[in-house]
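First the structure, in the form of structure tokens, and then the observations on it.
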Amino acid sequence: METRRRGRRDLVVDVLLVVFAVVFGLLGYASYATDLHPTDRVPAWVLWLDLACLPPACAALWWRRSHPLAVALVVVLLASFSTSVIGALTVSIIGLAVYRPLPQAALGAFLAVVLGLPWAVLVPGSTGDSVLTAIGILVLMSAYLAWGAAIRSRRRLVERLREDVRRERELREERLAAARVDERRRIAREMHDVVAHRMSLLSVHAGALAYRTERAESGEAAPLRASEVGTAVRVIRDNAHRVLDELSEILTVLRSGDLSGEDEETRQPRLADVTRLVTEAVDAGEKVSYTSDLPEGAEPRQQVRRTAYRVVQEGLTNTRKHAPGAKVAVTVTGSPGRELVIVVSNVLPIGRAASEIPGAGAGLAGLAERVHLDGGRLRHGPSRGRFQLTAVLPWPIDQPAGAAGEHGREVR
């Protein structure tokens, strides 16, 4: 049953259908009254009664949306002895097929045929005319029924398509929301790596200044020269500026609504940046050796390069935290068709080193997840007097050439 309010379009359609029912009914009545003269077979009062059925039949069409079955039954009963309601009968049967299931509509059409048979038999002058009239009534009711069923099927199809479109939009919004959440989580991991690495460098330089100052105050060492203080302060300042710049880039993405990653290539670190990472650690006073055996002109895909960079960054950060002053060896090997292997190892400290650099302790866990998502493996732990962090990442042979590699480069 249709319960929604009648809109402007529905109002216009209903008015036009009522006008159609009136015009069509008057034309049918005129033909009927002309062919069957009252003095021949039909009394005059029958013709006036026929015409009197037109107004109630057309008025009933106003409720054809909310009560299609009741309207159709009323019009069918009037049509059993009135030719002026033929237009209303057309609209009511089609409407019944549109708004009600096919069995109900077929029952209404069948009732119209059955109730119209007596008129078809008694009114026409000959048997042949009666047969033709009965066949005409049957054909018309079948056509009205098929017409209404086609409209109903089309409307249901349009509704299903609209529902599918609405559901697809909802799913798309859910997928976009999930993608935004995943991207923000990834950026949060990037932020952790950036902050941990840069702040550990700042801590090392600040600790060195504090240590030299304490020794100078106790008379165990010569006072710091102005050039040494200036150099340490400049290194601290430069690293502070770098961490602020990197955090600014990440926060810009977090604040924006677009996480499509159009500038991903220029914003994210690459495998070639490992040299810069090692150089910064050496400038901070760490003892780091770097060996790379990558083929010239080839690099793995972007995500793998970024993960390899983060492995080295996390390894150097952990060394500064848990084994300050220990010698660190960074090795990167691999080629297309083989695996990319990154190893960061350092000598185990004697006893338990008290870490002066605080941390959440989740760096290796996040790194393991990152490596696993790239289809690689991560191992870490003591081995033969050294703590070793090893990441093995895939490097298919069909990877395109990237930036130039660093064949046999070693930084100490």
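Each reported figure results from applying straightforward, stated rules to the coordinates on display, with no laboratory input. Quick caveat: nothing in here was measured; it's all calculated off a predicted structure. No Cβ is skipped: glycine too gets one built from the backbone with ideal geometry, and neighbour counts run over all protein chains shown.
Among SER383, SER130, which comes first, then next, by fewest other beta-carbon atoms within 10 Å? Display every interim value, and only then the final one.
Values: SER383 12, SER130 17.
Listed from fewest to most nearby Cβ atoms, that is SER383, SER130.
Just rank ASP182, ASP283, fewest to most, by other beta-carbon atoms within 10 angstrom.
Working: ASP182 11, ASP283 14.
Ranking ASP182, ASP283 by Cβ neighbours within 10 Å, fewest first, gives ASP182, ASP283.
With a sphere of radius 15 Å drawn around the Cβ of PHE20, what net charge do the other residues whose Cβ falls strictly inside it have (Lys, Arg +1; Asp, Glu -1)? Could the numbers behind the result be given before it?
Working: positive: ARG64; negative: ASP14.
Result for the neighbourhood of PHE20: 0.
Once you list every other residue whose beta carbon is under 12 Å from the beta carbon of ARG152, what net charge do they have if Lys and Arg are +1 and Asp and Glu are -1?
Numbers: positive: ARG100, ARG154, ARG155, ARG156; negative: GLU159.
After counting each charged neighbour, the total is +3.
Could you derive backbone 3J(HN,Hα) for the stretch 52-62 from the dihedral phi with the Karplus parameters 6.51, -1.76 and 1.60 (θ = phi - 60°), listing whole Hz in sequence and x where the residue is Gly or Pro?
Per residue, the Karplus-derived 3J(HN,Hα) values read 5, 6, 5, x, x, 5, 5, 5, 5, 5, 5 Hz.
What Kirkwood Rh does the stretch 8-170 have if only Cα atoms enter the pairwise 1/r average? Answer in Å.
16.8 Å
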